[in-house]
Amino acid sequence: MLRYAIGRLIQAAVAVFGVITIVFVVMHVSGDPTLLLVPQGASAEEIAALRHQLGFDQPILTQYLAYLAGLAHFDFGISVVQRVPAIDIVLSRLPYTIYLAAGALTVAVGAGIPVGILMAANKGTLVERALAAVVLTGQSVPTFLSGILLILIFAVELRWLPTSGVGSLSALIMPSIALGALSMSTFARMMRIAMVDELGKDYVRAARARGLSMRAVVMRHVLRNSAIPVITVAALEIGNLLAGAVIVETVFAWPGIGQLAIQSIQSRDFLVVQVIVLLISFIYVATSVAADFAYAAIDPRIRLAR
Amino acid sequence: MTNALAAIRRRTSRVPVSILIVAVIIAVIVAAAILAPWIAPADPDRQALLSRLKPPGTIGRGGVTYLLGTDDLGRDLLSRILYGARVSLGVALLSVFVSTLVGVTLGMIAGWFRGWVDVVVMRLVDVMLSIPAILLAVLTVAVLGPGFFKLVLVLGLTRWPRYTRVAYAQTLQVANLPFIKASELAGAGAMRILFRHVLPNIAGPILIVATSEFGLMILFEAGLSFLGLGIQPPASSWGSIMSVGRQFVERAWWIVAFPGGCLVLLVLSVNVLGDWLRDRLDPRSRIR
């Protein structure tokens, strides 16, 4: 187990380092990142002064090392627009996004898992076909469109829910559904595949032969075994939900880091955008490591395989 | 007519009706995009400020019928959707092409040469997959600035790792087959073996990935354009039409509804087709 854990952590460290490097490359791909950080209409002197101040007149390798050194000290740079550390701005908005992602994950798991189970249990029937249509729709409708439709129906026409804002729990409902729909489909598909696989195994037939009802076999054995692959999906979906918040938060005026990312792009505050990308990617790496550990703890074949 | 239809049906009897339907939908949308300049009833950019936000079916000045209504500048929505289809499909198709080219080449090379090439390429794949794609695309498009070809490049270069994983795994399997060994012994070079012999044998799984990616690329382009980061006016894609329509959605639902409907119909059809291809070509595959 220890060897497996260390190997996986090293792999995660490589991924984090790689993410940091890719973000650096992207920020420099336009040639001069200073131009990304000045307000529109700045004079040539102002630009030159800022370039010097931020070290963008140094050789690229020096800049890269300074960037790495800064990150090692949790120094993510100062927002050029607001004159405060970029990380502080992002962290002040992060709780809203976590709140939204938690709501969306609840929707996705709460609807996706039962749908997947029902599809597997009713394989080949009309029930499966109907649910398959729901799943397909979930993965084919863009989040901004479902967001607009939800607002039109439940806020404008029926006046049941608020169009935007974060005041109450009812404000969380529509953004969670819009954001969670795609993940719901993923969970349903994974759950269905996992369960169909399990149902085809010998122990199911053996248990049935011993006289257990199908219901008992599913409840006692199949569900537990097919839950394992779903853990991995859940971990990956957390990252996707945080990233998907960029669009959903814009539609619902939700004050999380997704909306902040778009606002910062518009006000040309790219250090803030950079922090958001780094942060979500780190969370993504961390959750997938956590999922692998959980997976290994449950299933001895994984930790003993190496 | 019915005879002709029956003849077609006989030839395609092994294909389920639902697949025929989605294939027809996709074909119609593609044809509409290609033929846009000839079938569009009006110039998509011609503004008529007196006919703003007219509902579908309105007959405008000079006897023009706005079949799907007009937008906030009085432009004919049907024509804008037809021209927008070219941009949406064009971006999706070209970016899938870019990521297939990059991803499959890297995957085959990593699977064939193994050793340090394998380590470097597959680590890079892991790293790329650690950044949520939509986020990387948002950052890159924001840095580079908007535009058709930049969008293609950004989407193409953020989405190649999935192809690499599949091409890599498939190449590892194919590399040990006798006819590959034979052609290696016959003195064929690595590139010849990879592109002449390996590629045709791994094309099925790659086609499956490309199909599901195509649907995703349509959604990505629409999302980026909706955020104002993609296609810029006066050019328009379905996403950018909806982005404008969102501001008027309470007064003029059609500006969002029709391009949105086209988009969902197309993505839905592509996903159905992709699922079917997966079941047909690769029944045991679990690639995601």
- Query: For region A:26-48, how many residues are touching a residue at least 40 places away in the same chain (Cβ under 8 Å) and either within 14 Å of another protein chain (Cβ to nearest Cβ) or surrounded by 14 or more Cβ atoms within 10 Å (Cβ to Cβ) (or both)?
  - Reply: 6
- Near pairs, Cβ below 8 angstrom, 6+ apart or cross-chain, from region B:180-191 (among the charged types (D, E, K, R)) to any residue that is surrounded by 15 or more Cβ atoms within 10 Å (Cβ to Cβ): B:E184/B:I193
- Query: Looking at region A:279-286, is at least one residue surrounded by fewer than 24 Cβ atoms within 10 Å (Cβ to Cβ), closer than 20 Å to B:L227 by Cβ and at pLDDT 80 or above?
  - Reply: yes
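Could you please let me know if B:V141 is under 23 Å from B:P234 (Cβ atoms), touching a helix residue (DSSP H, G or I) at 6+ places or on another chain (Cβ under 9 Å) and touching a residue at least 40 places away in the same chain (Cβ under 8 Å)? Before you say what the answer is, go through the steps one by one.
Numbers: under 23 Å from B:P234 (Cβ atoms): yes; touching a helix residue (DSSP H, G or I) at 6+ places or on another chain (Cβ under 9 Å): yes; touching a residue at least 40 places away in the same chain (Cβ under 8 Å): yes.
Yes, satisfied.
Determine which member of the set A:A178, A:A133, A:A171 is hydrophobic (A, V, I, L, M, F, W, C) and within 10 Å of chain B (Cβ to nearest Cβ). If you could, list the steps in order and put the result at the bottom.
On the way: A:A178 fails: within 10 Å of chain B (Cβ to nearest Cβ); A:A171 fails: within 10 Å of chain B (Cβ to nearest Cβ).
Checking each option against the conditions leaves just A:A133.
Residue check: is A:A235 surrounded by fewer than 23 Cβ atoms within 10 Å (Cβ to Cβ) and either touching a Phe, Trp or Tyr at 6+ places or on another chain (Cβ under 7 Å) or over 22 Å from A:L118 (Cβ atoms) (or both)? Walk me through it before giving the result.
Values: surrounded by fewer than 23 Cβ atoms within 10 Å (Cβ to Cβ): yes; either touching a Phe, Trp or Tyr at 6+ places or on another chain (Cβ under 7 Å) or over 22 Å from A:L118 (Cβ atoms) (or both): yes.
Yes.
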- Query: Does region A:102-144 hold any residues that are outside any helix (DSSP H, G or I) and among the basic types (K, R), and which are they?
  - Reply: A:K123
- Note on the structure: If we ask which residues in region B:185-213 are loosely packed, with under 15 Cβ neighbours inside 10 Å, more than 24 Å from B:G156 (Cβ to Cβ) and of a type in the set (A, V, I, L, M), their number turns out to be 3
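So which helices (runs of 4 or more DSSP H) stay within region B:169-272 end to end and still have 1 or more residues that are under 17 Å from the mean Cα position of the chain (by Cα)?
On the way: elements: B:178-185, B:199-226, B:238-245.
Passing ranges, in order: B:199-226, B:238-245.
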- Item | Of residues in region B:273-288 being more than 17 Å from B:L216 (Cβ to Cβ) and either in contact with a strand residue (DSSP E or B) (Cβ under 8 Å, 6 or more places away or on another chain) or not in a helix (DSSP H, G or I) (or both), the one modelled with the lowest pLDDT | B:R286
- What helices (runs of 4 or more DSSP H), lying completely within region A:233-306, carry at least 3 residues that are closer than 17 Å to A:L91 by Cα? A:257-266, A:270-298
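Only one of A:T62, A:T97 is hydroxyl-bearing (S, T, Y), within 14 Å of chain B (Cβ to nearest Cβ) and either touching a helix residue (DSSP H, G or I) at 6+ places or on another chain (Cβ under 6 Å) or without any contact (Cβ under 8 Å) to a residue 60 or more places away in the chain (or both). Can you tell me which? Spell out how you get there, then give the answer.
Numbers: A:T62 fails: within 14 Å of chain B (Cβ to nearest Cβ).
Going through A:T62, A:T97 in turn, the sole match is A:T97.
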- Message: For the list (1) closer than 30 Å to B:G245 by Cβ; (2) of a type in the set (A, V, I, L, M, F, W, C); (3) surrounded by 21 or more Cβ atoms within 10 Å (Cβ to Cβ), I need the number of the one condition that A:L149 fails.
- Response: (3)
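For every residue, the table says whether it meets (1) of a type in the set (G, A, S); (2) within 14 Å of another protein chain (Cβ to nearest Cβ); (3) touching a Ser or Thr at 6+ places or on another chain (Cβ under 7 Å).
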position: A:Y203; (1), (2), (3): no, no, no
position: A:L212; (1), (2), (3): no, no, no
position: A:V217; (1), (2), (3): no, no, no
position: A:S226; (1), (2), (3): yes, yes, no
position: A:Q259; (1), (2), (3): no, yes, yes
position: A:I265; (1), (2), (3): no, yes, no
position: A:A286; (1), (2), (3): yes, yes, no
position: A:A294; (1), (2), (3): yes, no, no
position: A:D299; (1), (2), (3): no, no, no
- Of all residues in region B:27-37 being within 17 Å of B:V87 (Cβ to Cβ) and part of a helix (DSSP H, G or I), the one that is modelled with the lowest pLDDT: B:A36
- Quick one: A:Y203 ticks every box in (1) more than 15 Å from the chain's Cα centre (by Cα); (2) within 30 Å of B:V141 (Cβ to Cβ) bar one, so which box is it? (2)
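Can A:R51 be described as basic (K, R), without any contact (Cβ under 8 Å) to a residue 40 or more places away in the chain and buried (at least 18 other Cβ atoms within 10 Å of the Cβ)? Write out each step before concluding.
Values: basic (K, R): yes; without any contact (Cβ under 8 Å) to a residue 40 or more places away in the chain: yes; buried (at least 18 other Cβ atoms within 10 Å of the Cβ): yes.
In short, yes.
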- Message: Looking only at residues that are at the interface with chain B (Cβ under 8 Å from one of its Cβ atoms) and within 24 Å of A:Y295 (Cα to Cα) in region A:8-18, which one is surrounded by the most Cβ atoms within 10 Å (Cβ to Cβ)?
- Response: A:A15
- Query: Does region A:148-167 include one or more residues that are basic (K, R), part of a helix (DSSP H, G or I) and within 14 Å of chain B (Cβ to nearest Cβ)?
  - Reply: no
- Tally time: how many residues in region A:229-259 are farther than 19 Å from A:V275 by Cβ and aromatic (F, W, Y)? 1
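The values are calculated or read from the model by the stated rules, or taken from the named source; none is laboratory data. Keep in mind it's a predicted model, so treat the numbers as computed, not measured. Neighbour counts are summed over all protein chains in view; Cβ atoms, including those assigned to glycine, are modelled from backbone coordinates with ideal geometry.
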